[in-house]
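To keep things clear, I will list the structure first and then write my remarks on it.
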Amino acid sequence: MRELDVRRQSDSARRYLDLAAPSSALRTTLFLAAESVTYPVAAVNILDEHEQHTLISVGTAPPPPQPRSATPCDVVVRTGQPLAISDLPTRGYPQQPCVGTAAARSYIGIPLVGREGLVVGTLALVDVAERHTTEQALRRLVQFGSVLEEQLDLLRRVGPSRPQTDVYQLAVAIDEGQILPYFQPLVHLATGEVVAYEALARWHHPTRGVLPPAEFIPLAEDSELIIDLDLAVLRQAAVVAQRWRQTSPELRITVNVSGRHFEHPGCVDRIHDAVTASGLPPSAVSLELTETAAIAASPANVAFLDQLRALGFRIVLDDFGSGVSTLEHLVYLPCDGVKIDRSTAAALHTRSGAAVVRAIAGLAVELGKTVVLEGLETVDQAERALELGCMIGQGYLWSEPQPEDVLVG
Ligand code: C2E
Ligand code: MG
Ligand code: MG
């Protein structure tokens, strides 16, 4: 293993050292893994550049960190291959901890691959007795290793050192398909035609009913979970849109995308794959950048947005007019349109409210961008929006966000 590889592996491993308290699910898997080969002790070990850390163990208390080079797990991490040793002391590992103060004689190590695709540690089993390991036992442990990898990934998405709160539940909810897109129409103000539907996330909570985004998006925004959540909504909305387009080929969908995607180099591919898995072309999708004010017009962000647009996506700056720095974004962020925030729609009847809409719409149109005003609740407001230069409206005037089956049925 080259030095650079060790460093990358170590960076990835360290992210697992900062995890939320290991879940009881992890403990159960570890216990079952030990039972399957009748070993008394099993552990998940994470190896950084220098040390081996036991994240969780069954059959004995987790030992303190040990120098990495003195452990057989080091070999497993370096080679990425399972390893079974029946005589640890004679193989150069005289002091491997087992139950209490006894040293272990037998060892099995299974590599665990982390989120970055690198081996970050091991499922390790030890016994004071000399044991021989069959191929079949090793295969079974490799399967337990895969389960542990998934459970670790779930903890990882929950974020650093958090108690198991709603965030954990939310991660499970995303995986189990409890987060669903509801759809609200976007209407061409001059013709009254529905031109698109915005997908808005709803959590079908097993005990609390249907929860609006305010109950879970801030939680998701605090961790990497927002990325999985957005992609889950995008994926499902694309499937629905692809179906609708069989009868309305011009129909578009718009989906909310957090600025946090742009912290990750693979974000463009992930977004693209989530859409095209359904067969929907990216050209049918607008991505609404939420919390636009928080997205810097940095070269990296500009490059991501350019790449998305080159793939056919349209980029819309959401909640426009609600922040302070957003006019600048209209000029510097590559985008196709703006959506004026509903707090502005509510002030349309005032002189200053109308002036804000007219100014934003004027600038946007001059720059060749579409202008949507959201939060329209009355016919008066819709007429006023059209007069002030907005092309498209969205709001309870036409419909609240609805599940797909209500819209169709
Ligand atoms: P948004 O993208 O600006 O969506 C518009 C919000 O205004 C929606 O709230 C919609 O239900 C509400 N709305 C639409 N018309 C009217 C109206 O006439 N009157 C009033 N009072 N409200 C109206 P919702 O669905 O609660 O979503 C809130 C926010 O949560 C969204 O604001 C968006 O920023 C965020 N969000 C929703 N789904 C997702 C998602 O999948 N990913 C991300 N990152 N954010 C999401
Ligand atoms: Mg939106
Ligand atoms: Mg908005």
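The values are calculated or read from the model by the stated rules, or taken from the named source; none is laboratory data. For clarity, every value in this text was computed on a predicted model and none was experimentally measured. Please note: Cβ atoms are built from the backbone with ideal geometry, for glycine as well, and neighbour counts cover all protein chains shown.
Please specify each residue of the range 84-129 satisfying the condition of being among the charged types (D, E, K, R) and under 18 Å from Ile46 (Cα atoms).
Arg115, Glu116
In the range 317-366, what count of residues is obtained for those that are among the small types (Gly, Ala, Ser) and either more than 16 Å from ligand 1 (Cβ to nearest atom) or in contact with a Pro (Cβ under 8 Å, 6 or more places away or on another chain) (or both)?
8
Within the range 216-247, track down each residue that is modelled with pLDDT under 90, part of a helix (DSSP H, G or I) and either in contact with a strand residue (DSSP E or B) (Cβ under 6 Å, 6 or more places away or on another chain) or surrounded by fewer than 15 Cβ atoms within 10 Å (Cβ to Cβ) (or both).
Residue satisfying the conditions is Pro218 alone.
Filter the helices (runs of 4 or more DSSP H) completely within the range 289-397 down to those with at least 3 residues that are of a type outside the set (Gly, Ala, Ser).
299-310, 326-332, 351-366, 379-387
What's the number of the condition Trp203 fails, among (1) in a helix (DSSP H, G or I); (2) over 24 Å from Leu317 (Cβ atoms)?
(1)
Could you run through the range 111-135 and say how many residues are among the hydrophobic types (A, V, I, L, M, F, W, C), closer than 17 Å to Arg7 by Cβ, in contact with a strand residue (DSSP E or B) (Cβ under 8 Å, 6 or more places away or on another chain) and not in a strand (DSSP E or B)?
0
Could you check the range 253-272 and list, in sequence order, the residues that are within 16 Å of ligand 2 (Cβ to nearest atom), without any contact (Cβ under 8 Å) to a residue 40 or more places away in the chain and not in a helix (DSSP H, G or I)?
The answer is Val257, Ser258.
Have a look at Val406, Val331, Val338, Val316 and point out the one that is at pLDDT below 85 and either within 21 Å of Val302 (Cα to Cα) or basic (Lys, Arg) (or both).
Val331
Which residues, counting only those in the range 226-252, are within 10 Å of Ile179 (Cβ to Cβ), away from ligand 3 (no atom under 16 Å from the Cβ) and under 13 Å from the mean Cα position of the chain (by Cα)?
Residues satisfying the conditions are Asp228, Leu229, Ala232.
Checking the structure you have, find out if any residue of the range 398-408 is surrounded by fewer than 16 Cβ atoms within 10 Å (Cβ to Cβ), more than 16 Å from ligand 1 (Cβ to nearest atom) and not in a helix (DSSP H, G or I).
No, there is no match, as no residue in the range 398-408 is surrounded by fewer than 16 Cβ atoms within 10 Å (Cβ to Cβ), more than 16 Å from ligand 1 (Cβ to nearest atom) and not in a helix (DSSP H, G or I).
Give the residue that is surrounded by the most Cβ atoms within 10 Å (Cβ to Cβ), with candidates limited to residues of the range 273-305 that are within 16 Å of ligand 2 (Cβ to nearest atom) and at pLDDT 95 or above.
Val285
Residues of the range 259-300 being within 16 Å of ligand 1 (Cβ to nearest atom) and over 25 Å from Gln242 (Cβ atoms), which ones?
Gly259, Arg260, Phe262, Glu263, His264, Glu291, Thr292, Ala293, Ala294, Ile295
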